[in-house]
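What follows is a short report on a single structure.
The values are calculated or read from the model by the stated rules, or taken from the named source; none is laboratory data. Treat the numbers as computed from the prediction; the structure is a model and nothing was measured. Cβ atoms come from the backbone with ideal geometry, glycine included; neighbour counts cover every protein chain shown.
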Amino acid sequence: MIQSKLFSRTSKNISKEEISLNARLLIKGGFVDKLAAGVYSLLPLGWRVVKKIENIIREEMEMLGGQELFLPTVHPKKNWEATGRWSSMGEDLYKIEAEKGANFVLGPTHEEVLVPLAKKFVSSYKDLPLYVYQFQNKFRREKRVKSGVLRTREFLMKDLYSFHADQKDLDDYYEKVKKSYGRIFQRCGIGEKTYLTYASGGTFSKYSHEFQTLTPAGEDLIYICEKCGTAVNKEILADQDNQCPQCGSKKLREEKAVEVGNIFKLGTKFSQPFGLFYSKENGEKQLAVMGCYGIGLQRLMGAIAEVENDERGLTWPTAVAPFQVHLLELDPRDPQNRKSARQIYGILQAKGIEVLWDDRAGKLAGEKFADCDLIGIPYRLVISKKTLQSGKYELKERKAANGKLVSLEELPEIILKGRG
């Protein structure tokens, strides 16, 4: 990507009303733009980050046997009335009136669409288990929108739904998803700060689980067991008499965190109202049991921004960074500099290395360095008269204090090794 052609720009000044760190960094870096309270546009840099996150999640969903589909955003009122959530979630729903008074919902979740759809294809025990997932925009009438992209009115979510013949099969699959989620957050670079957290399970199971990332910006309080590392939320802590549900220890420390994912055992909560039955081997009819598993992509991006930064800007983990290398051409009017920059840009791209080439004329070196630190790409590569005279190029990792001079031959190998 040529930076002079990049759609977005970095910004020094943003609204004082934008108090959350993730929003301030993402807006200043040119990753997102605020359209209204709780509504953000994803700019090219931000979209690249979200797509990296999406690809990591998709790989994990495929390994779980998930089949990807795409469901409608507009849901008929009758589906939500069937589950009772037209009333119970009334204030959280965006309800719209179409022609002739027909009412619809802008979907905040998709059980009301997917279960009737599954009923068309699931009739026998041979059709189960079934795992389907999607990446889809969700809409919720969020009243608290002061946390940047962590809490918004419109957001992209991965939701996986599983259908099973019995509780044991659901329990076994649930454990597989739990491990998969741990890998997702590890691959996104925040695994060490993200805790599996016990939460209320609702009607059909004792517990559900959240994945909570530690950050001072978090709106949740969790309690981490000093003995086994398991976390519980405040509601569960009270129910458990202030002890860990995993090992029984009472040595728990309080931390602020943000939820980046959740998993639930739904049981027959949704198969019952829609009559999702299957025939057992003996011909007996039985309700399918379900699980659901969600991750908000912008929320995950915001959580990464909250924990991966320093006083100069963002410090993206390699796997989700918009580019691997930020190529800074300090003297773009010099023909030799331009020739070398173009050569390196081509060599790195041919090796499959994503490069943002700062070719901007009229920008001082200090401005380019500041923008580079703000955007937070893992490697900074500098081309200048000084480096060209040495026959080498200055390569610096974003989190490192100092750079080092490397030859053109060893440059791709170093970057690819760092990418893992």
Point to revise | Any chance Ala400 is modelled with pLDDT of 90 or more, within 30 Å of Gly191 (Cβ to Cβ) and either surrounded by 19 or more Cβ atoms within 10 Å (Cβ to Cβ) or under 31 Å from the mean Cα position of the chain (by Cα) (or both) | key: yes
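Scan region 372-389 for residues that are among the hydrophobic types (A, V, I, L, M, F, W, C) and under 16 Å from Ala401 (Cβ atoms) and jot them down.
Cys372, Val382
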Review point. Before we move on, is Ala365 surrounded by 18 or more Cβ atoms within 10 Å (Cβ to Cβ), within 19 Å of Lys5 (Cα to Cα) and out of contact with any helix residue (DSSP H, G or I) (no Cβ under 9 Å at 6 or more places or on another chain)?
Key: no
Check your understanding: Can you pull out the residues in region 13-32 that are closer than 16 Å to Val50 by Cα and assigned to a loop (DSSP other than H, G, I, E, B)?
Key -> Gly29, Gly30, Phe31
Review point. Looking at region 57-76, which of the residues that are surrounded by fewer than 18 Cβ atoms within 10 Å (Cβ to Cβ) and not in a loop (DSSP other than H, G, I, E, B) is nearest to the chain's Cα centre (by Cα)?
Key: Arg58
Check your understanding: Does region 153-168 hold any residues that are surrounded by 14 or more Cβ atoms within 10 Å (Cβ to Cβ) and either assigned to a loop (DSSP other than H, G, I, E, B) or without any contact (Cβ under 8 Å) to a residue 60 or more places away in the chain (or both), and which are they?
Key -> Arg153, Ala165, Asp166
**Study point:** Residue tally, condition without any contact (Cβ under 8 Å) to a residue 12 or more places away in the chain and outside any strand (DSSP E or B), over region 264-299
**Key:** 3
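Got a sec? Which of Thr213, Thr197 is touching a His at 6+ places or on another chain (Cβ under 7 Å), of a type in the set (Val, Ile, Thr) and crowded, with 16+ Cβ neighbours inside 10 Å?
Thr197
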Review point. So which residues in region 206-248 are among the polar types (S, T, N, Q) and in contact with a Gly (Cβ under 7 Å, 6 or more places away or on another chain)?
Key: Ser208
Check your understanding: Filtering region 173-194 down to residues that are of a type in the set (Val, Ile, Thr) and under 15 Å from Glu306 (Cβ atoms), which residue is surrounded by the most Cβ atoms within 10 Å (Cβ to Cβ)?
Key -> Thr194
Practice item. Within region 283-321, track down each residue that is surrounded by 24 or more Cβ atoms within 10 Å (Cβ to Cβ), over 28 Å from Tyr174 (Cβ atoms) and either of a type in the set (Phe, Trp, Tyr) or over 19 Å from the mean Cα position of the chain (by Cα) (or both). Key: Trp316
Exercise for review: Could you check, for region 12-20, whether at least one of its residues is crowded, with 17+ Cβ neighbours inside 10 Å and within 24 Å of Gly261 (Cα to Cα)?
Suggested key: yes
Point to revise | Flag for Leu150 being buried (at least 17 other Cβ atoms within 10 Å of the Cβ) and within 22 Å of Phe70 (Cα to Cα) | key: no
Exercise for review: Would you be able to tell me the number of residues in region 356-389 that are part of a helix (DSSP H, G or I) and free of Cβ contacts under 8 Å to residues at least 24 places away in the same chain?
Suggested key: 5
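Take the residues of region 410-420 that are out of contact with any strand residue (DSSP E or B) (no Cβ under 8 Å at 6 or more places or on another chain) and at pLDDT 90 or above: which is nearest to Ile377 (Cα to Cα)?
Applying the filter and picking the extreme gives Leu416.
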Point to revise | Subset tally (residues that are touching a Leu at 6+ places or on another chain (Cβ under 7 Å) and either crowded, with 22+ Cβ neighbours inside 10 Å or modelled with pLDDT of 95 or more (or both)) for region 329-341 | key: 1
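State yes or no: is Arg58 within 25 Å of Val177 (Cβ to Cβ) and not assigned by TED's automatic domain parsing to the domain that holds Leu128?
For Arg58, the condition - within 25 Å of Val177 (Cβ to Cβ) and not assigned by TED's automatic domain parsing to the domain that holds Leu128 - is not met.
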